[in-house]
Amino acid sequence: MSTENRIVFVQPHLRFGGAEKQTALILNSLVDSGNSCTLILHRKEGGLLNTLDPRIRIIDLGFQSHLRIPFGVLKLANILREIEPSVIVARLWSSILTVGIAKRFAPQHNYFFYEDLDPRNHTDYIRFGKIKKSLVKRVFNQNYDKLIANTEHVSTAMCEEYSIPSKPQVIECGIDTSECRGLALASPAAPISDSRDFLRIVTVGSLTERKGITQLFNILKEMTIPIHWTLVGQGPLRDTLLHESRSENGNLTVSIIDGTDNPYPYIASSDLLLHGALSESFGIVLVEAIALGVPVIANAANGPAEIKRQLPNAEVSLLWLEREPEELASLLQRYYRDMDVRQRRFTADLGPYELSVVLEKWRSLMS
């Protein structure tokens, strides 16, 4: 294997998240095409670790708490000093802070900082958000010509929120359509009702308030049509949902599948994907559903809105779900009553989200 082009990703972990899944896909694809790839994790944990190509080197910094970032900086600096000159990509705020300090001790590398989150409202959903944002702003201003955003609207927001002099380049998240479809077919059928008397809805993501799970549940349990709602993910709302796994009127049945590296059978066997995130900079599962020919209903956050603009032929409906419950109820009734809208309609071209397009941008970064 040629090791002329070297790339190192640094991020907190490799759990079942969109950013984490994207890291695994990109590194697997790059190492498969002859590049030397390394993944440095704050803590070597997460269900996606077993999806990595064995040729990818994994380094564990051995810390988890944000309070131990100074320890992580020292350990990372020592590691970076020993690595041959590489492209270093920091993802997620805690890694951006860690790499932003450590880079001064290993100047031989080409550093980039990747923003997956919309800085205009992300601080509302994380602990000490405003403090972290001010620290990240300092790193971004010191490296304004080495910034990458995952969407156009995040790139614009970075200019506004961080007062940087030039707009960051955009490298979107890529989708391997054939892999998605293959995994959907190769795995056992999802354990949800196969009766056409039910409207089969799937939601994939963490079971948290920020993902709009409570709002969706409150709307679905009042529906007068039979619904089987499958949630794929983990989070603090899991026990509440299980406790109320069947609505009082008997029309809603809820199934919960723990986080998995292969949610595709659950998506493919559903009539539609429902995504209620209150704040969403992208939403990779939306594009994966589109790749599987599954209609999408999403909260009209910035990420889903950009996906709809980029893929105008895809079946994506945007609603302010928390403010328009009647609109969502009406749309769900239409899907239930009109069998034709439940037919698979594959989008031929995923545009900027095609894996080949995204990989070309990463290769350009490494050249």
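The values are calculated or read from the model by the stated rules, or taken from the named source; none is laboratory data. The structure presented is a predicted model; accordingly, all values stated were derived computationally and were not measured. Heads up, the Cβs are rebuilt from the backbone with ideal geometry, glycines too, and the neighbour counts pull from every protein chain shown. To get the accessible areas, we keep the full protein, side chains included, count just its heavy atoms, and leave off ligands, DNA and RNA. Shrake-Rupley method; radii C 1.70, N 1.55, O 1.52, S 1.80 Å.
At a glance:
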| quantity | calculated |
| --- | --- |
| Principal-axis tilt of helix 18-32 within the chain, Cα atoms, nearest 10 degrees | 60 |
| GNM flexibility winner over the chain from GLY293, GLY34, GLY205 (Cα, springs under 10 Å) | GLY34 |
| Using θ = phi - 60° and Karplus 6.51 cos²θ - 1.76 cosθ + 1.60, couplings along the range 35-42 (whole Hz; Gly, Pro as x) | 9, 8, 10, 10, 10, 9, 10, 4 |
| Calculated on alpha-carbon atoms, Rg and Dmax of the range 38-87 in Å | 11.9, 32 |
| FRET efficiency estimate (nearest 0.05) - Cβ-Cβ, ALA186 to ARG363, R0 35 angstrom | 0.75 |
| Accessible surface of the range 263-349, 1.4 Å probe, proportion on carbon and sulfur as whole % | 45 |
| Separation between Cα centres of the range 119-150 and the range 1-51, rounded to whole Å | 22 |
| Tail beyond 17 Å, pair distance distribution of the range 75-178 (Cα, percent) | 52 |
| Average accessible area per residue (Å²) across the range 121-263 - probe 1.4 Å, nucleic acids and ligands excluded | 48 |
| P(r) of the range 293-359 over all Cα-Cα pairs, binned every 10 Å from zero, in whole percent | 19, 43, 30, 7, 0 |
| Label-to-label distance, nm, for residues given as SER33 and ASN313 (7 Å Cα→Cβ offset) | 2.4 |
| Nearby lysines by direct alpha-carbon distance to LYS132 (threshold 27 angstrom, same-chain neighbours under 8 apart not counted) | LYS21, LYS44, LYS75, LYS103, LYS146, LYS167, LYS211 |
| Accessible surface of the range 20-87 [probe 1.4 Å, protein heavy atoms]: carbon and sulfur percent | 50 |
| Label-point separation in nm, CYS159 to ASN78, each point 7 Å along Cα→Cβ | 4.3 |
| Under 5 Å, built H, 5+ apart or other chain: amide partners of GLN169 | LEU147, ALA149 |
| Cleavage-rule hits (trypsin sites (Lys or Arg not before Pro)) in the range 237-335: DSSP loop, at most 11 neighbouring Cβ within 10 angstrom | ARG323 |
| Cα-based helix-to-principal-axis angle, 93-102 vs the chain, degrees rounded to 10 | 10 |
| Separation between Cα centres of the range 258-332 and the range 213-227, rounded to whole Å | 16 |
| Kirkwood hydrodynamic radius of the range 227-367, from inverse mean 1/r over distinct Cα pairs, in Å | 16.6 |
| The range 221-277 shape via C-alpha gyration tensor axes, a/c threshold 1.5 | oblate |
| Estimated [θ] at 222 nm from DSSP helical runs (n ≥ 4, -39500 (n - 2.57)) normalised by residues in the chain, nearest 500 | -11000 deg cm²/dmol |
| Calculated from backbone phi, Karplus (6.51, -1.76, 1.60) coupling profile of the range 354-367 in Hz, x at Gly/Pro | 5, 4, 4, 5, 5, 4, 4, 5, 5, 5, 4, 5, 7, 6 |
| Unit charges at the beta carbon, dipole of the chain: most positive-side option, GLY17, LEU365, ALA186 | LEU365 |
| Rel. contact order, % - alpha carbon contacts under 8 angstrom, at least six apart, the chain | 14 |
| nm² value of the averaged projected area, convex hull over the Cα atoms of the chain | 17.7 |
| Debye intensity ratio in log₁₀ form over the Cα atoms of the range 188-284, taken at each q of 0.20, 0.24 Å⁻¹ | -0.99, -1.42 |
